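Peer 1: Have a look at the structure that comes next, please.
The values are calculated or read from the model by the stated rules, or taken from the named source; none is laboratory data. Everything numeric here is computed off the predicted structure, so don't read it as measured data. Note that each Cβ is placed from the backbone with ideal geometry, even for glycine, and that neighbours are counted across all protein chains shown. Please note that ligands, DNA and RNA were not included when accessible areas were found on the heavy atoms of the full protein model with its side chains. Shrake-Rupley method; radii C 1.70, N 1.55, O 1.52, S 1.80 Å.
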Amino acid sequence: MNKKSLAVALFSLFLAVALCSTASAKTVLKLGTSTQPSHIYNLAAEKFGEIVAEKSGGDIEVQVFPAAQLGSERDMVEGLQIGTLEMTLTSTGPMGNFVPQVKLFNLPFLFKDRESCYKVLDGEIGTQISDLFVKVGIRSLGWFENGFRNITNSKVPVEKPADMNGLKIRVMEDDVFILTMKALGASPLPMAFGELYTALEQKTVDAQENPLAVIYSSRFFEVQKYLAMTGHFYSPAVLLISEITWQSLSPEQQKIITEAAAQARDYERELSLKADQELEAACAKEGMVITRPDKAPFAEAVAAVYTNPDVIKAIGGGDAAAGQKLIDAARAAAQ
Ligand code: EAX
């Protein structure tokens with residue numbers, strides 16, 4: 001080996017070592033979601049990543065994996081618990097299986113409007129509930145937004161609860177959703193979101209319900225003719241980090257992540273509001289037939305969910321009196 005090639009070899013070795021050591025110094029946080037890349041969760045997750053990268057001077061890298069590439073929402077929360085995944089932005093759909101008190105937010109027609117959602121979620125009740133997550137190995141970085149959910153189906157324009165009679169509808173995996181759809185006369189089928197498009201396409205189910213931002217980004221208009229603006233559930237989302245990951249971070253890194261999460265939450269809520277303002281027209285343009293039913297008969301039909309003893313007990317974490325107290329407090333604050 002002559003001097004020049006020795007120098008080149010040494011330099012390459014130096015570079016390789018330098019690159020390796022930078023790579024190992026970097027903290028990589030994988031963040032999974034269930035929705036399509038253009039959905040607001042992923043736009044907010046990318047924004048979160050940008051803020052974190054900037055604040056940490058590139059020391060922390062957030063890698064976003066949309067479309068259930070890392071598993072269903074439930075799988076991802078389980079991954080957080082055992083430390084095989086660092087972060088997820090998920091609906092509260094599966095969360096009641098981990099922290100039953102979250103079922104409170106799954107109650108139909110609980111919130112009057114967005115303002116009342118934020119008041120409850122960002123206030124005492126929302127904090128009290130998200131503080132419980134740490135006990136099951138996950139940490140909440142704030143309540144984000146999935147949105148007010150509306151019903152789509154391939155069979156009938158829904159104007160009143162009776163129109164839902166017998167409709168086979170996919171719901172998220174929680175008994176509060178199942179009970180609500182049964183009270184409306186439909187036949188609910190719990191299913192992970194990742195299987196939904198195919199189930200609608202193959203007509204395993206006739207119907208589903210989701211916020212406009214999900215309906216549009218998942219192109220459900222290709223397989224669903226009718227959209228009823230029922231707004232029956234307000235669906236919060238929550239940004240979660242594995243407690244194992246959290247404890248491995250420095251206080252400075254934790255601070256960066258907390259601050260970036262708050263900024264990304266505000267950004268995402270704005271995107272969600274904009275989606276609600278714009279996507280009804282966009283769905284109509286794609287050929288959906290849209291109805292705007294009177295919500296009162298729907299709210300009346302599902303009133304029994306609030307008095308269901310199993311639901312009340314679950315919301316209280318096994319204590320019916322605590323559950324009732326939480327429901328009353330949320331209802332009072334949400335109006
Ligand atoms: O979190 O499962 C659902 O219908 C959710 O709304 C969706 O995965 C976004």
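Peer 1: What residue, among those in region 192-231 that are open to solvent by less than 20 Å² (accessible area, probe 1.4 Å) and without any contact (Cβ under 8 Å) to a residue 60 or more places away in the chain, is farthest from the ligand (Cβ to nearest atom)?
Peer 2: Across region 192-231, the extreme among qualifying residues is ASP206.
Peer 1: Tally up the residues in region 235-259 that are crowded, with 17+ Cβ neighbours inside 10 Å and free of Cβ contacts under 8 Å to residues at least 60 places away in the same chain, please.
Peer 2: Qualifying residue count, region 235-259: 0.
Peer 1: Do you know which residues across region 299-320 are hydrophobic (A, V, I, L, M, F, W, C) and open to solvent by 30 Å² or more (accessible area, probe 1.4 Å)?
Peer 2: First pass over region 299-320, keeping only residues hydrophobic (A, V, I, L, M, F, W, C): 299, 301-305, 311-312, 314-315, 320.
Within region 299-320, ALA299, ALA301, ALA303, ALA304, ALA320 meet the criteria.
Peer 1: Please give the number of the condition ALA45 fails out of (1) within 13 Å of the ligand (Cβ to nearest atom); (2) closer than 22 Å to GLU209 by Cα.
Peer 2: ALA45 satisfies all of (1) within 13 Å of the ligand (Cβ to nearest atom); (2) closer than 22 Å to GLU209 by Cα except (2).
Peer 1: Of these, ILE169, ILE125, ILE151, which one is β-branched (Val, Ile, Thr) and more than 16 Å from the ligand (Cβ to nearest atom)? Walk me through how you get there before you give the answer.
Peer 2: Details: ILE169 fails: more than 16 Å from the ligand (Cβ to nearest atom); ILE151 fails: more than 16 Å from the ligand (Cβ to nearest atom).
Selected residue: ILE125, the only one of ILE169, ILE125, ILE151 that is β-branched (Val, Ile, Thr) and more than 16 Å from the ligand (Cβ to nearest atom).
Peer 1: Report those helices (runs of 4 or more DSSP H) wholly inside region 62-162 carrying at least 1 residues which are of a type in the set (Lys, Arg) and surrounded by fewer than 17 Cβ atoms within 10 Å (Cβ to Cβ). It would help to see each step written out before you state the result.
Peer 2: Details: elements: 73-82, 114-122, 124-130.
Ranges flagged: 114-122.
Peer 1: Is it fair to say GLU278 is under 30 Å from GLU201 (Cβ atoms), out of contact with any Ser or Thr (no Cβ under 9 Å at 6 or more places or on another chain) and either open to solvent by 20 Å² or more (accessible area, probe 1.4 Å) or part of a helix (DSSP H, G or I) (or both)? Working first, answer last.
Peer 2: Values: under 30 Å from GLU201 (Cβ atoms): yes; out of contact with any Ser or Thr (no Cβ under 9 Å at 6 or more places or on another chain): yes; either open to solvent by 20 Å² or more (accessible area, probe 1.4 Å) or part of a helix (DSSP H, G or I) (or both): yes.
Yes: the conditions hold for GLU278.
Peer 1: So for region 188-205 (the condition being over 23 Å from the mean Cα position of the chain (by Cα) and of a type in the set (S, T, N, Q)), does at least one residue qualify?
Peer 2: yes
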